[in-house]
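Note sheet for the following structure.
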Amino acid sequence: MKIGILISGRGSNMQAIVEAAQTGQLPNSEVTVVISDKAGAEGLQKAKERNVETLVVARKSRTREEHDAGIVAELKKRNVELVCLAGYMRLLSKDFVRAFPDRILNIHPSLLPAFKGLDAQRQAFEYGVKFSGCTVHFVDESLDGGAIVVQKTVEVKDDDTTESLSTRILEYEHALYIEAIARIVEGNYKIIGRRVVVAEN
Ligand code: GRF
C-alpha cells in the first residue's frame, strides 16, 4: 500500500513508519512521500536521509480548503492510498477527508476521547489521571474525533513530570502506529458504526 505522511515538526512517528516499511516490519507498504506544511520541520531531513521524497506545501495566505486541495493533489498524483498524520498540526477540511474515505489515520498522545487537542500529555498530567496513553484513530472533520483503531494505556508514575510522561508515551506511540497501519494494510478489520473491530480475513 502506498502511504503518504503529513508532518509539521519533529517527525519521530514518521521516522518509525518509514523504517518499519523499509525493513519489512510493515509488509506490503511503501512510504512514497512526506509532506510538511512547515518549511523548517525537523522531520523533513529525517525523511530525506531515508530516501523518501519530501515536499513542503505551505499554507501561505490560502484558505484551509485551498491549502488542503494542494496537498490532496500531490497525494493523488503519487497514487497514495493511505494518509498518516504524524504530528500534523492542522485540522483537515471536509474535502480532504472525503478524498480519502476511511483512509486517513492520526495518532494522539492520550486515551481519546480524554484530552483532545494540544498538549494532551500536559492536560492528562495536570488532571492527575493514573493512566493515560495513546490512540490511533481514523480522521474525520472533528478535532481528534474519528473512530478509534487501536489504543495503548501508559501508567502515570508518581515521580513523572509532563516531560517524562510525554517521553514514555512517545515510545509506545511508534509501535502503536505501526500496529494500526499493519491492520489497515492487511485489511483484517471492519468498521461497524464508529467501532473498528478485528475481522478474520
Ligand atoms: C506526537 O506526540 C503525536 O502523538 C502528536 O504529535 C506528536 C508528534 O511527534 N500528534 P513526532 O513529530 O511524531 O515526533
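The values are calculated or read from the model by the stated rules, or taken from the named source; none is laboratory data. These figures come from a predicted structure and were not determined experimentally. Counting neighbours? That spans all protein chains shown, and the Cβs are built from the backbone with ideal geometry, glycine included. Heavy atoms of the whole protein, side chains included, go into the accessibility calculation; ligands, DNA and RNA do not. Shrake-Rupley method; radii C 1.70, N 1.55, O 1.52, S 1.80 Å.
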(message) If the requirement is being touching a strand residue (DSSP E or B) at 6+ places or on another chain (Cβ under 8 Å), surrounded by 14 or more Cβ atoms within 10 Å (Cβ to Cβ) and modelled with pLDDT of 95 or more, which of these qualifies: Lys48, Lys38?
(response) Lys38
(request) List every residue pair whose Cβ atoms lie under 9 Å apart, where the two residues are 6 or more positions apart in sequence or sit on different chains, the first residue falls within the stretch 6-19 and is in contact (Cβ under 8 Å) with a residue 40 or more places away in the chain, and the second residue, located anywhere, is aromatic (Phe, Trp, Tyr) and more than 8 Å from the ligand (Cβ to nearest atom). (result) Asn13/Tyr177; Ala16/Tyr177; Ile17/Tyr177
(request) Taking Arg168 as meeting all but one of (1) open to solvent by 50 Å² or more (accessible area, probe 1.4 Å); (2) more than 26 Å from Met1 (Cβ to Cβ); (3) not polar (S, T, N, Q), write down the number of the exception. (result) (1)
(request) Give the residue that is least open to solvent (accessible area, probe 1.4 Å), with candidates limited to residues of the stretch 99-117 that are touching a residue at least 60 places away in the same chain (Cβ under 8 Å) and of a type outside the set (D, E, K, R). (result) Leu105
(request) Say whether the condition of being open to solvent by less than 10 Å² (accessible area, probe 1.4 Å) and more than 16 Å from the ligand (Cβ to nearest atom) is met by at least one residue in the stretch 3-24. (result) no
(message) When you check Val34 against the structure, is it part of a strand (DSSP E or B) and under 27 Å from Asp119 (Cα atoms), yes or no?
(response) yes
(message) Please go through the stretch 118-140 and give me each residue that is open to solvent by 20 Å² or more (accessible area, probe 1.4 Å) and over 24 Å from Glu81 (Cα atoms), ordered by number.
(response) Leu118, Asp119, Gln121, Arg122, Gln123, Phe125, Glu126, Tyr127, Gly128, Val129, Lys130, Phe131
(request) Enumerate the pairs (first residue in the stretch 69-95 and within 30 Å of Gln121 (Cα to Cα) and among the charged types (D, E, K, R); second residue anywhere and open to solvent by 50 Å² or more (accessible area, probe 1.4 Å) and within 16 Å of the ligand (Cβ to nearest atom)) with beta-carbon separation below 8 Å, excluding pairs fewer than 6 apart on the same chain, so at least 6 apart or on different chains. (result) none
